[in-house]
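Reading through the structure tokens given below for one structure.
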Amino acid sequence: DTEVTQTPKHLVMGMTNKKSLKCEQHMGHRAMYWYKQKAKKPPELMFVYSYEKLSINESVPSRFSPECPNSSLLNLHLHALQPEDSALYLCASSPARGGRSQPQHFGDGTRLSIL
Amino acid sequence: DQQVKQNSPSLSVQEGRISILNCDYTNSMFDYFLWYKKYPAEGPTFLISISSIKDKNEDGRFTVFLNKSAKHLSLHIVPSQPGDSAVYFCAASAKRGSTLGRLYFGRGTQLTVWP
């Protein structure tokens with residue numbers, strides 16, 4: 001069982017819909033991450049939050065909007081997505097961003113399909 | 001530009017034998033290296049890591065070796081078990097500089113352990 005919980009596990013949405021992906025961790029981690037993974041490819045970093053502040057945005061299109069309401073929660077708001085945005089969206093957390101060498105722990109992801 | 005490379009997309013090993021998965025990197029700023037295991041429909045699971053101040057780290061059946069001069073690391077699994085069949089990702093990060101907090105992943109190696 002993963003200690004990073006992502007909901008929903010699956011999401012199908014149309015290109016005009018607005019939806020949100022949610023991620024929660026209760027390990028006291030202060031860094032949280034969003035990744036996108038396509039089939040047979042490695043995870044690609046999208047956003048990094050450190051102490052609830054956005055510290056890295058990997059030039060992600062504005063149709064993806066991250067939010068970190070508190071240190072345990074991370075959201076990804078989706079609007080007007082394109083079919084090529086269909087992928088597995090992974091959330092991860094780590095004790096801190098960089099600094100001491102600590103691994104990132106991943107959730108099981110949300111499988112997103114855009115019709 | 002792929003800074004972490006796993007040149008073998010697949011590896012097939014008999015149960016009980018040793019599995020050796022290889023990984024090369026190009027960025028000399030990397031100083032922390034990780035291996036993740038991924039089953040289908042799940043997120044990556046942290047397996048083992050090594051800091052650049054070490055050349056070997058062992059955890060049960062899993063050992064990671066780091067050769068800094070060659071910018072090469074390997075994961076040894078012995079003895080291999082059918083439950084080890086998964087995709088293995090090598091990842092690297094730097095504790096300093098603009099890449100702080102970012103994990104760079106290889107493309108993964110599909111390990112199949114047959115009875």
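The values are calculated or read from the model by the stated rules, or taken from the named source; none is laboratory data. Given the structure is predicted, the values throughout are model-derived calculations rather than measurements. Heads up, the Cβs are rebuilt from the backbone with ideal geometry, glycines too, and the neighbour counts pull from every protein chain shown. Heavy atoms of the whole protein, side chains included, go into the accessibility calculation; ligands, DNA and RNA do not. Shrake-Rupley method; radii C 1.70, N 1.55, O 1.52, S 1.80 Å.
If a residue must be within 19 Å of B:Asn7 (Cα to Cα) and either in a strand (DSSP E or B) or not charged (D, E, K, R) (or both), how many such residues does the stretch B:43-85 contain? Looking only at that region, the number is 13. For the stretch A:19-33, state whether one or more residues are open to solvent by less than 50 Å² (accessible area, probe 1.4 Å) and away from every other protein chain (no Cβ under 14 Å). Yes. If the condition is being open to solvent by 30 Å² or more (accessible area, probe 1.4 Å) and more than 27 Å from A:Tyr51 (Cβ to Cβ), then the stretch A:61-84 contributes A:Ala80, A:Gln82, A:Pro83, A:Glu84. Of the residues in the stretch A:41-50, none is of a type outside the set (Asp, Glu), open to solvent by 60 Å² or more (accessible area, probe 1.4 Å) and touching a residue at least 12 places away in the same chain (Cβ under 8 Å). Can you list residue pairs whose Cβ atoms sit under 8 Å apart, with the first residue in the stretch A:13-27 being within 13 Å of A:Arg111 (Cα to Cα) and the second being of a type in the set (D, E, K, R)? Count only pairs 6 or more apart in sequence or on different chains. Every condition considered, the pairs that remain are A:Met13/A:Lys19. Say whether the condition of being outside any loop (DSSP other than H, G, I, E, B), touching a residue at least 60 places away in the same chain (Cβ under 8 Å) and more than 9 Å from every other protein chain (Cβ to nearest Cβ) is met by at least one residue in the stretch B:95-109. Looking for residues that are outside any loop (DSSP other than H, G, I, E, B), touching a residue at least 60 places away in the same chain (Cβ under 8 Å) and more than 9 Å from every other protein chain (Cβ to nearest Cβ), one finds at least one in the stretch B:95-109, hence yes.
Against the numbered list (1) within 12 Å of chain A (Cβ to nearest Cβ); (2) open to solvent by 30 Å² or more (accessible area, probe 1.4 Å); (3) under 20 Å from B:Thr112 (Cα atoms); (4) part of a strand (DSSP E or B), B:Tyr88 comes up short only at (2).
Only one of the numbered conditions (1) within 13 Å of the chain's Cα centre (by Cα); (2) under 27 Å from B:Ser51 (Cα atoms); (3) surrounded by 14 or more Cβ atoms within 10 Å (Cβ to Cβ) is violated by A:Leu54, and that is (3). Which one is surrounded by the most Cβ atoms within 10 Å (Cβ to Cβ), of the residues in the stretch B:1-48 that are at pLDDT 95 or above and among the small types (Gly, Ala, Ser)? Ranking the qualifying residues of the stretch B:1-48, first place goes to B:Ser19. Select from the stretch A:85-104 the residues that are open to solvent by 20 Å² or more (accessible area, probe 1.4 Å) and either farther than 26 Å from A:Arg63 by Cα or at pLDDT below 95 (or both) and write down the one among them that is farthest from the other protein chains (Cβ to nearest Cβ). Taking the candidates together, the pick is A:Pro95.
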